[in-house]
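**Q** My questions will all concern the structure given below.
Nothing in this text is a laboratory measurement; each read-out follows from the coordinates by a stated rule. Quick caveat: nothing in here was measured; it's all calculated off a predicted structure. Virtual Cβ from ideal backbone geometry, glycine too; neighbours counted across all protein chains shown.
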């Protein structure tokens, strides 16, 4: 199932937006309505919450500026690659830790999250909550605000805490640290859990919306990052015992369109193939939410050198080429099921009748990515549509296997290795592996590396575990600096209360 956001983006033209300290996404509203004349009905509230969800789509496929890539390129999963060392310098900076406060992709992540916070605030503060649907929608907005604040806290460590719409004279808001941002996210999620329906209670057309379990899972994740181990374990237990979710039996199809919003899904960013974009209609520029996922085209194996054979893949623009070390991690564990669905070696590719014709290509390390790769059957080339510009594959933001592994970690940290091992082994069993052996925390780390490869969690995992300096140090990571991204230079200029992170 695909969710078409396009019809809801019209809401963005119905209000005069004053975004937090930013002039991005400024438009001249058409048919503008005053705030006091909007938000009054269930229909108004529905349009408003759809505009809030739209940020999940925009921030992860925003032209060249994707939060997914900002969280992926600094990890040890892949090389930035592309057409050479001068192809997209902001990406190349992320791969070697030479980025600073002016990096536009990092700036876009900051902007996107705060614009999401702004839209959620508008719902929370203006929807009257006089009907059950309006109360649910306020809960959805509280979930989304918590999600965006979690992203700011985990990636930047500090930022303004803004819970109301600001006048221009109020743009210079004080910075608070991650603890305060996590506390706000926890409060929002606890409120949301009380009013959100279960996943099974949603109409099939609304499966993209946050459910009670979605909020409980994010509550567990926030508490995990905040090192509130017991609270994290409790939140994850609520998801697991709800019987609303399960591991999908076939891992090989888990990241294909056929499995979107399936039994393992708690939250996805959704796109469609049906817009039929061509080179003239595609919305370059970054200030409008695009209905396709351009990020997948950016990161497909570079068509100049790629012969697909029987892989089912087609060429892309070549960023995000896997590292041999990730392939070796699967191989050393004997993890054939997830390896085949995630990464191919050159030998594997040739065995499928394909080839890579330039082994000296920039960033090539003997591997091709399969998970979230470019597939002709997940884009659209009909009626003049350009396949490169119409990928619709969803990004899984929270899924059940991740919940189980986070629950295992929380239980281990809380002194319950028995329960931790149970959840860890559930994920391993689906992958065709025996139960874990050895140190359980080491096993959890290894399992997350394999299960969640290319899902934009690896870098933040290494940072929060304190392992980044060891694992990423040879790549340029500096402890005490690269634990956090820099506060964007535009924020530093425009907000007199902004505080830059150490090392920048």
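**Q** Under the 0.36 nm per residue contour assumption, what length would be gained going from the current alpha-carbon distance of residue 417 and residue 190 to full extension?
**A** On the way: separation 227, 0.36 × 227 = 81.72 nm, distance 2.67 nm.
Contour length minus the Cα-Cα distance gives 79.1 nm.
**Q** Another one. Arranged from highest to lowest average of other beta-carbon atoms within 10 Å per residue, in what order do the peptides 125-131, 213-219 appear?
**A** Highest mean packing first, the order is 213-219, 125-131.
**Q** Mind ordering 350-360, 401-411, 191-201 by average Cβ neighbours within 10 Å, highest first?
**A** Top of the packing list down: 401-411, 191-201, 350-360.
**Q** Still on this structure, I have one more. Between residue 274 and residue 497, with labels modelled 7 Å along Cα→Cβ, what's the label distance in nm to one decimal, could you check?
**A** Distance between label points: 4.5 nm.
**Q** Give, in whole angstrom and from largest to smallest, the semi-axes √(5λ) of the equivalent ellipsoid of segment 264-417, with λ running over the eigenvalues of the Cα gyration tensor.
**A** Each semi-axis is the square root of five times an eigenvalue, giving 30, 24, 13 Å.
**Q** When the Cα centres of segment 335-394 and segment 132-186 are compared, how far apart do they sit, in Å?
**A** A separation of 37 Å, based on Cα centres.
**Q** So what's the projected area for segment 41-110, the Cα convex hull averaged over all directions, in nm²? Kindly include the intermediate steps, with their values, before the conclusion.
**A** Values: hull surface 22.9 nm².
So the mean shadow area of the Cα hull is 5.7 nm².
**Q** Let me ask another. Any idea what the alpha-carbon Rg over 2.2 N^0.38 Å comes to for segment 281-332?
**A** Against the compact-globule rule of thumb, the ratio is 1.49.
**Q** Still on this structure, I have one more. Based on alpha-carbon atoms only, what is the radius of gyration of the chain relative to the globular estimate 2.2 N^0.38 Å? Display every interim value, and only then the final one.
**A** On the way: Rg = 21.8 Å, N = 504, 2.2 N^0.38 = 23.4 Å.
Cα-based Rg divided by the globular estimate yields 0.93.
**Q** Give the Rg/Rh ratio for segment 361-504, taking Rg as the radius of gyration of the Cα atoms and Rh as the Kirkwood radius, to two decimals.
**A** My calculation of the ratio gives 1.07.
**Q** For segment 114-209, what D do you get in µm² per second when you plug the Kirkwood radius from alpha-carbon pairs into Stokes-Einstein at 4 °C and 1.567 mPa s?
**A** 92
**Q** Looking at the chain, send over the antiparallel percent of its DSSP beta bridges, to the nearest 5.
**A** Once the DSSP bridges in the chain are tallied, antiparallel ones form about 95 percent.
**Q** Calculated FRET efficiency, residue 177 and residue 350, Cβ-Cβ r, R0 45 Å, to nearest 0.05?
**A** Calculated value: 0.30.
**Q** Right, here's the next one. Could the peptides 292-300, 373-381 be put in order, highest first, of the mean number of other beta-carbon atoms found within 10 Å of their residues?
**A** 292-300, 373-381
**Q** What is segment 294-380's relative contact order, in percent, from Cα pairs under 8 angstrom and six or more apart in sequence?
**A** Relative contact order of segment 294-380: 40 percent.
**Q** Sticking with the crude label model, points 7 Å out along Cα→Cβ, report the distance from residue 227 to residue 324 in nm, one decimal please.
**A** Here the modelled spin labels are 3.8 nm apart.
**Q** Mean residue ellipticity at 222 nm from the helices of the chain, using -39,500 (n - 2.57) per DSSP H segment of n ≥ 4 over the full residue count, to the nearest 500 deg cm²/dmol? Walk me through the intermediate numbers first.
**A** On the way: 19 runs with 216 residues, N = 504.
That calculation yields -13000 deg cm²/dmol at 222 nm.
**Q** Suppose we keep just the alpha-carbon trace of segment 198-351; what are its Rg and Dmax in angstrom?
**A** Values for segment 198-351 (Cα only, Rg and Dmax): 19.2, 53 Å.
**Q** Please list the equivalent ellipsoid semi-axes of segment 294-380, computed as the square roots of five times the alpha-carbon gyration tensor eigenvalues, in descending order and whole angstrom.
**A** In descending order the semi-axes read 19, 14, 13 Å.
**Q** Describe numerically, in nm with one decimal, the distance between label points set 7 Å from Cα along Cα→Cβ at residue 242 and at residue 203.
**A** 2.1
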